[in-house]
1. Quick one: what are the phi-derived ³J(HN,Hα) couplings along region 290-296, Karplus 6.51/-1.76/1.60 with θ = phi - 60°, whole Hz, x for glycine and proline?
2. Hey, what number do you get for the chain at 222 nm if only DSSP H runs of n ≥ 4 count, each worth -39500 (n - 2.57), divided across all residues, to the nearest 500?
3. Looking at [x] 25.6, 88; [y] 23.1, 74; [z] 24.9, 81, which value of Rg and Dmax of the Cα atoms in Å comes from a calculation on the structure shown?
4. Convert 25 °C to kelvin, take the viscosity as 0.890 mPa s, use the Kirkwood radius over C-alpha pairs of region 378-518 as Rh, and evaluate the Stokes-Einstein diffusion coefficient in µm²/s, rounded to a whole number.
5. Give me a comma-separated list of calculated 3J(HN,Hα) values for region 470-479, in order, Karplus coefficients 6.51, -1.76, 1.60 applied at θ = phi - 60°, integers in Hz, x for any Gly or Pro.
6. Run the accessible area of the chain with a 1.4 Å probe and give the carbon-and-sulfur part as a rounded percent.
7. Which far-off residues, 5 or more places away or on another chain, put their amide H under 5 Å from the one on residue 378, with H placed in the peptide plane?
8. Residue 411's amide H: which non-local residues (gap 5+, or another chain) put their own amide H closer than 5 Å, with H modeled 1.01 Å from N in plane and none for Pro or chain starts?
Amino acid sequence: MKPPEPDEASNGNNWRKYFGFSTDHKVIGIQYLVTSFLFYLIGGLLAEGVRVELATPDPDFVDPQLYNGLFTVHATVMIFLWIVPATAGFANYVIPLAIGAKDMAFPRLNGVGFWLIPPGGILLLSSFFVGAPAAGWTSYPPLSVVGEKGGQLLWILSVLVLGTSSILGAINFLSTILKMRIREMELNDMPLFCWAMLAASALILVSTPVLAGALILLCFDLMAGTPFFNPMAGGDPVVYQHMFWFYSHPAVYIMILPVFGMISEIIPVHARKPIFGYQAIAYSSLAISFLGLIVWAHHMFTSGTPGWLRMFFMIATMAIAVPTGIKVFSWVATIWGGKLRLNSAMLFAIGFVSMFLVGGLSGVMLASVPFDIHVHDTYFIVAHLHYVLFGGSVFGIYAGVYHWFPKMTGRMMNEFWGKVHFFLTFFGFNLCFLPMHWLGLQGMPRRVAQYNPEFATVNMVCTVGSFILAISTLPFLFNAIWSWIAGPKASANPWRALTLEWQTSSPPPVENFLEEPVLWSGPYEYGIDTLYDRQSADELLAEVKGEV
């Protein structure tokens, strides 16, 4: 029961291992997290370029063509090089530990999956040297086949490479979770993060090949002049929209489902309460995964979709609010009456719930055909997607960093700077994106460098908010680097948590456990008798030196 000491030979200060090919899931997980965060900084700089341009009504900061490239590459970086690989990083690091496995099912495939990320990112960013793609991250034809061919081609190749990485990861997560749990752990004993990754991985495997097919055909139209989607050559651009959104609407859930799972891990630990509705949360992930595959055309209500089909997609989209609402209700019920530790991890988790709730409610509004047509392609859409993907995914990723940082590095993060980071992020985010709802309702279109001067004041407020959001990253960077080098040492279980990753040392040794871990109890049974040797959770936590 006593956790092993860290293996100094493999886990000490051997930082060089993070720059080479590794088959250790822990090294690969950190490679994913650090690399994706670097791309997050790059994507953030591109966003600042967009916001500086929009600080005034006239296009006076960058050329309008470059402006189109900035928001196109910004969105692509944030989706394919930040949120998706960051959640894969957490899954890589945590899942084998949480189910008592020594590694992922296919360690070499896992390494290959990560090493596709850097070339994919370099391909995308190098497009600025040959004429950046300017058709938005959707790359709708005919716009995407009449502009700069070099940049658009690099965009297609980059997304294909990154999509391949995502598929390799999904194969590994599914195989690991289903086949490598310790004997005592049934499906309903798994941590909820594993359920969320099962649902997200299934989505990746079903939907990503469809996007790959669309991009390959688009590549033919672009380079060989084929008429698949180009209406000027007799093609049908709406077919591309169907294929694109068959992946890209589930992509929202590919990004948010893993974060749902992380939040389900973090809240009960820091609320010191059993999770409310374990099975409801677990099965709602599967329901979201299924429903996410049949709602893609609600992005196309203005594309000539027949009325009867609009009704189907409107109802199906609204139905997703049910399993999503189950999760939000369960998290709030878990927090209610708990002995809350309002540390950085918990603050970001609560921030996630509140911000995602705003994004979810505006999503229900957008599911309605009349409202969606009214605000289509306006800044209301920009506000909605950022409340879901930044307010949701990014707040959740930060919560995950503060929660698992001690396990990954063997060091505690500084709580003061963590709270400074949270409050700056929360304030800057809302100042930047909340006013965009009003801009959209008043009719300001998105993806424009020049706009009506009546929107100038509100746009300036949004730009100031984006500056605060950018500054909020600095205390996090300082805190993470300083804590990793010289932060207080962490025990095996500093949060007194019950899932298996906290039964081993911080950081864990090679192959994770020196002896097979014991399933004490369910993963969230705080205050409930454990299943192991009639000991209470507190007595067992004391044996592994859990600290309050």
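The values are calculated or read from the model by the stated rules, or taken from the named source; none is laboratory data. Nothing here was measured: the structure is a model prediction, and the numbers come from that model. What goes into the accessible areas is simple: the full protein's heavy atoms, side chains included, and nothing from ligands, DNA or RNA. Shrake-Rupley method; radii C 1.70, N 1.55, O 1.52, S 1.80 Å.
1. Along region 290-296, the couplings run 5, 5, x, 8, 10, 10, 4 Hz.
2. -21000 deg cm²/dmol, from helical runs alone.
3. So the calculated entry is the one marked [y].
4. 140
5. 5, 5, 4, 6, 5, x, 5, 4, 4, 5
6. Accessible surface attributable to carbon and sulfur in the chain totals 69 percent.
7. HN-HN under 5 Å from residue 378: 446.
8. It is 490, by chain and number.
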